[in-house]
Amino acid sequence: MKKCLLILASLMLVGFSANAQKVEFEEFDLDNGMHVILHQDNTAPVVTVSVMYHVGAKDENPQRTGFAHFFEHLLFEGTENIARGEWFTIVSSNGGSNNANTTDDRTYYYEVFPSNNVELGLWMESERLMHPIINQIGVDTQNEVVKEEKRLRVDNSPYGRFLENIKLNMFKKHPYKGTTIGKMEHLDAATLEEFQAFNKKYYVPNNAVLVVAGDINKTDVKRMVQDYFGPIPRGKDIVRSFPKEDPITEPMFAKAYDPNIQIPAIMAAYRTPSFKDRDAYVLGMISSYLSGGKSSKLYKKIVDEKKMALQVGALDFSQEDYGTYILFGLPLGDVKLEDLVKEIDEEIVKLQNELISERDYEKLQNVFENRFVNSNSSVSGIANSLARYYMLYGDVNLINNEIDIYRSISREEIQAVAKKYLNPNQRLLLEYLPEEKKEN
């Protein structure tokens, strides 16, 4: 009897967990084209107000790179009703926090407030959209901020330019060949009118999704959303037509130099499909199989057992239009870069010719199940996911069923995708080397 009760309790707990993990949401459009998603969770008195704009580095004029990231900073400068420099003060004095981030594909702004300040968050984001002040003072101020960020995160950071050099060689036509932070000389050369035109084109309601998540009353929030965002005029429709890349059919080789490193690195990069493509999900599992922790295949063999590398791994850098799959290694002692490549390639060939073990497959499934649960464990994480799945994937309900895609991926599919994309004739081999010091 006791055993039966324990089994029953376990089944009830499983059912409760499954229900608890499901994210309920409601979505609708305003007349001006802004998409709105509401998620009500009254378990804690916290609310996240966020806006994601479908604008990133890939949308920029090639002679004016860095604009999207620049606007991540510039649109905190102030509005007609928020004095310059007061944005962060208003947020913090009302018990909140805020931030923003930019990729090649989108820009995301958010505030986290006690739930009694949800209207404040909505007002502030509507102000950013409707009444931004873009003047020379703000441009000059943020120009210095961005330059300092680039010095800190890129110019003076060890291995800080490896992705920049990979993208430069991997993409010949598509704007992914640039960097998110852009070139400082482009920002220096830009006129105030160019910044204002960029804002007018991309920061419009029909290029945005608003998410309000947390301890809310949906009826009240709908009214507030209509009051604050409804009057904002619709912008012109944005038409995107990026050039397609030719397939990589011959191996490519390149070298890059970094004054901040002493240990070289080797990187093998492969062009892969959009993160919306099923194969991209499979590649994500392959990445975890190869380098997800110290028990992973690459780490255990090359770092732990053979002691040939300080670090080795796989990065699945997946984006809206294309992905870049990167295998890398930092040699230990006198190990040659080409020997590291041979060791890495051996594991790829095994993956292409043999099914991974049932045990490794179960481990992968557990890893992705855990990631999925954790991604929905906070209101701010849910808000981000809702915005991202709508804006970039076109399917908000992936927040609930994306795990089903991973569950459906078989060992045979993992093998087939490795064969399809991870071949020597489809890659760039980049030697990332210490920059030689010039003698006086």
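Tabulated data
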quantity	calculated
Sorted largest first, extent of region 151-210 alpha carbons per principal axis (Å)	38, 26, 24
Three semi-axes of the equivalent ellipsoid, the chain, Cα gyration tensor, whole Å, largest first	38, 32, 19
D_trans [Stokes-Einstein, Kirkwood Rh over alpha-carbon pairs] for region 279-428, 10 °C, 1.306 mPa s, µm² s⁻¹	95 µm²/s
Normalised contact order of the chain, rounded percent, pairs of Cα under 8 Å and 6 or more residues apart	21 percent
Counted charge near Asp360, where neighbours are those whose Cβ lies closer than 10 Å (Asp, Glu -1; Lys, Arg +1)	+2
Per residue value of the accessible surface for region 299-393 (all protein chains in place, 1.4 Å probe), Å²	48 Å²
Distance between region 367-405 and region 25-50 - C-alpha centres, whole angstrom	15 Å
Ordering of 105-115, 137-147 by packing [mean C-beta count within 10 Å, highest first]	105-115, 137-147
Share of carbon and sulfur in the accessible heavy-atom surface of region 63-106 [1.4 Å probe, %]	44 percent
Lys/Arg +1, Asp/Glu -1 at C-beta; the chain dipole; positive extreme among Leu398, Gly56, Val209	Leu398
Ordering of 230-242, 80-92, 49-61 by burial proxy (mean other Cβ atoms within 10 Å per residue, highest first)	49-61, 80-92, 230-242
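The values are calculated or read from the model by the stated rules, or taken from the named source; none is laboratory data. Everything quoted here is computed from the prediction, not taken from an experiment. Positions of Cβ are backbone-derived with ideal geometry, glycine not excepted, and every protein chain shown enters the neighbour counts. Protein only, heavy atoms only, side chains kept; ligands, DNA and RNA dropped before computing areas. Shrake-Rupley method; radii C 1.70, N 1.55, O 1.52, S 1.80 Å.
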